[in-house]
Structure formats: C-alpha cells, structure tokens
Amino acid sequence: MTTTTALVLLALGVAIIAGMGAYAFTLWREVKRRQAMQRDELQRAHNNCLENLEIVASSLLQEQVDVTEGAWRCKVLLEILDPQLMERPAFRPFGEVYARTQHLHTHSARKALAPRDRMREDRERLQVEAELRQPVLKAAAEVLEFRRNWPGSLQ
C-alpha cells in the first residue's frame, strides 16, 4: 500500500467518522427536543387536570353537580394526576362513592332500564349521596386546598 492510498483511506475514514458523529449529534438534539416537548405536554395535561379538578370541586361545593358525578370526576382527575392521591384520607370519600355506585347504569344503558329498575338505582344512588354528602363536600374543599398548594400553581 502506498502512502497516497493510506492517506486517502485515512481521510475517507475521518470523513465517515465525522459524518457519523454529526448524524449522532443531530439525533441526540432531536431526542432532547422530543423529551422537552413531552415534558411540556405532560405539564399542560397536569395543568388541565388541575383546572378541571378545581371546577368540579367548586361545582360540588356549590351543589351544581350531583355528589355521585362530582365524586367520580374528582376521583378520575386525581388518579390522572397521581394514582397515589386517592390513598390520601382526605380524598377517600371520592373512592368510596365510586366503589358503592360503579355498578349503577349510566347514559344509554340507564335509559334502556325498565322504569322500576331505574327507580331502584336512583334510590340506591340517592342513599349513597345522602350518606356520603358531607364527607364528599369536605373532600371537595380539600381538593381546592390541594390545588392551591400544587407545585407551580399560579394561585
């Protein structure tokens, strides 16, 4: 192998390595950009959940929404934020309402029920609501306090 051939091969090798390095750097920047977008999207989703949670809790306290519906919505939103939040004693009434009413029919399934069955389910739901109304309202107030103390909250 001549010196010229060796130098050409060396230059070619350096060019290939430099090209691969540039491509790797481009890929690394794209990964960082996507991670930042994912973090931003997660932050927006959390903020949206927090806003919705505040609206539902306020609606519960102002009795603009049924106890059952409000409790279900608060439970779902808290679980979206962090599944462990439902383990807090302050938020357990939401889970209790859900556990005691999850078997009841909703939407079109409810409409398909015979009037007698619908009435029976309504009585059962109203009994749960009457029994757990105060704990759920207290939990709704705790949600508003939780919302005020959430890291990054603008309130």
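So for the chain, taking the charge dipole from beta-carbon charges (+1 Lys/Arg, -1 Asp/Glu), which of Cys49, Val97, Leu144 sits furthest toward the positive end? Positive-most Cα among the choices belongs to Cys49. Taking all protein chains into account, the per residue accessible area for region 29-155 stands at 66 Å² (1.4 Å probe). Normalised by the number of residues in region 70-155, the average gap of Cα pairs under 8 Å and 6 or more apart makes the relative contact order 32 percent. In sequence order, region 61-74 has phi-based couplings of 5, 8, 6, 8, 9, 4, 4, 4, 4, x, 5, 4, 5, 4 Hz under the Karplus curve 6.51 cos²θ - 1.76 cosθ + 1.60, θ = phi - 60°, and Gly or Pro positions carry x. Assuming charge only on the beta carbon of Lys and Arg (+1) and of Asp and Glu (-1), the dipole of the chain about its Cα centre is about 280 debye to the nearest 20.
Under the classification rounded if a/c is under 1.5, otherwise prolate if a/b is larger than b/c and oblate if not, where does the chain fall, given a ≥ b ≥ c as square roots of the Cα gyration tensor eigenvalues? The shape class here is prolate. The convex hull of the Cα atoms of region 111-155, projected and averaged over all directions, covers 4.9 nm².
How many angstrom lie between the Cα centre of region 1-22 and the Cα centre of region 88-104? A separation of 69 Å, based on Cα centres. Among rounded, prolate and oblate, which fits region 31-85 when a ≥ b ≥ c are the square roots of the eigenvalues of its C-alpha gyration tensor, a/c under 1.5 means rounded, and a/b larger than b/c means prolate? Judged from the Cα gyration tensor, region 31-85 comes out prolate (a/c at least 1.5, a/b above b/c). Roughly how many percent of the accessible protein surface of the chain is carbon and sulfur, given a 1.4 Å probe and a whole-percent answer? Reported share for carbon and sulfur atoms: 58 percent. With a ≥ b ≥ c taken as the square roots of the eigenvalues of the C-alpha gyration tensor of region 64-126, please select rounded if a/c is under 1.5 and otherwise prolate if a/b is larger than b/c or oblate if it is not? Prolate is the answer for region 64-126, as a/c is 1.5 or above and a/b outweighs b/c.
The values are calculated or read from the model by the stated rules, or taken from the named source; none is laboratory data. Nothing here was measured: the structure is a model prediction, and the numbers come from that model. When we count neighbours, we look across all protein chains shown, and the Cβ atoms used for this are built from the backbone with ideal geometry, even at glycine. Surface accessibility is based on the protein's heavy atoms, side chains included, excluding ligands, DNA and RNA. Shrake-Rupley method; radii C 1.70, N 1.55, O 1.52, S 1.80 Å.
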